[in-house]
Amino acid sequence: MAPLYYRKDRPVLPVTGLFQYEPKDDTFIFGDSLKVATNSLKGNLLTFYNGTGKVEAEGRFDIGKSLKYISVEAAGRAETMADVMSADTLSPGPGWTGIERRLYAGHQTYPAGSLAQIYGQRHQGDQF
C-alpha cells in the first residue's frame with residue numbers, strides 16, 4: 001500500500017483481491033474476494049478503521065521470508081492498539097500502544113554445511 005521506507009522493511013501479510021469501503025463503520029477492507037464478499041474462512045484480510053487508524057489483519061503471514069536457514073509458516077490474527085491516528089507514519093504517535101497478535105506457527109531449519117554434518121554425526125551416534 002505504501003513504499004518501503006527502509007531496506008529492512010518487509011511485507012508481512014500479502015493482501016490482494018477486493019477493495020471495499022464500508023461507510024457505516026468508516027472502514028476500508030482489503031482481501032481475498034471470497035473472504036471480503038462472503039466471509040469465507042480462506043484467504044488474507046486487512047481492515048483499516050479510518051477514524052482511529054486501527055488495523056486488523058488475519059490470514060497467512062509471511063514471517064522470515066528473507067532468512068536463509070529457516071522457513072516459517074504462520075497463520076492467525078493481528079491488530080494494532082490505537083486510540084488516535086497519528087499524522088506521522090514513521091514514528092508511533094501519542095495514541096499508538098502496540099500490536100497484539102495470535103499466530104500459530106511452524107518452522108523448518110536448514111543448517112549450514114558443517115553444522116548439518118555435526119547434527120548428522122550426533123544423530124547416528126545417539127548423542128543427539
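The values are calculated or read from the model by the stated rules, or taken from the named source; none is laboratory data. On a predicted model such as this, the values are computed, not experimentally measured, just so you know. Every residue, glycine as well, gets a Cβ built from its backbone with ideal geometry; the counts of neighbours run over all protein chains shown.
Observations, loosely collected:
- Among the residues of the range 10-32, those identified as out of contact with any Ser or Thr (no Cβ under 6 Å at 6 or more places or on another chain), under 21 Å from GLY76 (Cβ atoms) and either polar (S, T, N, Q) or loosely packed, with under 13 Cβ neighbours inside 10 Å (or both) are ARG10, PRO11, PRO14, THR16.
- Filter result for SER66 (out of contact with any strand residue (DSSP E or B) (no Cβ under 7 Å at 6 or more places or on another chain) and more than 25 Å from ARG7 (Cα to Cα)): no
- If you go through the range 20-37 and keep only what is more than 23 Å from ARG60 (Cα to Cα) and either among the polar types (S, T, N, Q) or free of Cβ contacts under 8 Å to residues at least 12 places away in the same chain (or both), you end up with GLU22, PRO23, LYS24.
- One residue stands out in the range 79-112 among those that are assigned to a loop (DSSP other than H, G, I, E, B) and modelled with pLDDT of 60 or more: the one that is surrounded by the most Cβ atoms within 10 Å (Cβ to Cβ), namely PRO111.
- Among the residues examined, GLY76 does not qualify as surrounded by 15 or more Cβ atoms within 10 Å (Cβ to Cβ), of a type in the set (Gly, Ala, Ser) and farther than 15 Å from GLN108 by Cα.
- Residues that are in contact with a strand residue (DSSP E or B) (Cβ under 8 Å, 6 or more places away or on another chain) and not in a loop (DSSP other than H, G, I, E, B) do not occur anywhere in the range 1-12.
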